[in-house]
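Before any comments, here is the structure.
Read the figures in this text as sums done on the coordinates, not as results from a lab. Keep in mind that what you see is a predicted model, and the values were worked out from it rather than measured. Positions of Cβ are backbone-derived with ideal geometry, glycine not excepted, and every protein chain shown enters the neighbour counts.
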Amino acid sequence: MTLTTAAVSSVVAGFLLGSLPPGYWIGRFVFGKDLKSEGSGNIGATNAYRVLGPAVGSLVLILDVLKGAGAVWISRSIGGADALAGLAAILGHTFSPFLRFRGGKGVATGLGVFLCLALNPTLAAVAVFAVTLLISHRMSPASCLGAITLGVGVPLVSRDTLLIAIVVAAMALVLVRHRSNLRRLIHGEEPPLF
């Protein structure tokens, strides 16, 4: 396989893997609930937690993280473009063709990607996320501050310009996808997770 073929294949595989919506499928086919029309209307782990319960929300979280990590693993196994495959997985999750190009916010899938590509900054981002969640009891500020931590942290430890660009793009995507949550947070209307 040529380098170009491997890179393109890894990006396509990453997008397709990322686009699989386990939260939606579990809700729809196991519980008879449509996450797109219940709770926040999001198909990710947080809404699955709220609508389907903590156990299912945790399962969806794990599956979404594995989608991101799996995209990088597939890319590495074929000599592809790991960072691009990871970004493709995040975009697939966010704009899933299975859901008419709707999807989640990319946080859990991004976590899986960046645990593989930038471990230490990602662990720092997870720590910021966890502390923010414990203090605020809300996912949106935790997710946004975690994304910002990653976006600042990776350039401090890496000279890989492609990785830095992809981390910044992923951070921007997470922030944009949370804009309605942040508006509700400002107006005191964002519901707590616990």
Helix 119-136 vs. the chain, principal-axis angle (Cα, 0 to 90°, nearest 10): 10
Rounded to the nearest 20 debye, what is the charge dipole size of the chain about its Cα centre when +1 sits on each Lys and Arg Cβ and -1 on each Asp and Glu Cβ? 360
For the chain, set up a Gaussian network in which alpha carbons nearer than 10 Å are linked by springs, and say which option among Ser96, Ser58, Ser158 fluctuates the most. Ser158
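Return Glu189, Glu38 ranked ascending by Cβ neighbour count within 10 Å, so the fewest neighbours appear first. Please report the intermediate quantities before stating the final value.
Values: Glu189 9, Glu38 15.
Ordered by Cβ neighbours within 10 Å, fewest first: Glu189, Glu38.
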Crossing angle, helix 54-78 versus the chain [Cα axis fit, 0-90 degrees, rounded to tens]: 10
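Going by how many other beta carbons lie within 10 Å of each one, how would you line up His178, His187, His93, fewest first?
His187, His178, His93
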How far is helix 82-94 tilted, in degrees, relative to the longest principal axis of the Cα atoms in the chain, given as a value from 0 to 90 rounded to the nearest 10? 30
Distance from segment 137-183 to segment 46-123 (C-alpha centre basis), Å: 14
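As a test of the formula, what do you get for the chain when each DSSP H run with n ≥ 4 contributes -39,500 (n - 2.57) and the sum is divided by the residue count, at 222 nm and rounded to the nearest 500 deg cm²/dmol? Can you show the working numbers first?
Details: 10 runs with 140 residues, N = 194.
Helices in the chain give a 222 nm mean residue ellipticity of -23500 deg cm²/dmol.
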For segment 178-191, Karplus couplings with θ = phi - 60° (6.51, -1.76, 1.60), whole Hz, Gly/Pro x: 9, 4, 5, 4, 5, 4, 5, 4, 4, 8, x, 10, 7, x
From the residues Gly23, Ala89, Asn120, which one has its Cα farthest along the dipole of the chain in the positive direction, the dipole being from +1 and -1 charges on Cβ of Lys/Arg and Asp/Glu about the Cα centre? Gly23
Spread of Cα-to-Cα distances over 10 Å intervals beginning at zero, given as percent, for the chain: 10, 37, 36, 14, 2, 0
So, counting K/R as plus one and D/E as minus one, what does the shell of residues with Cβ under 12 Å around Pro192 add up to? +1
Packing-wise, with mean Cβ within 10 Å as the measure, how do 139-145, 73-79 rank, highest first? 139-145, 73-79
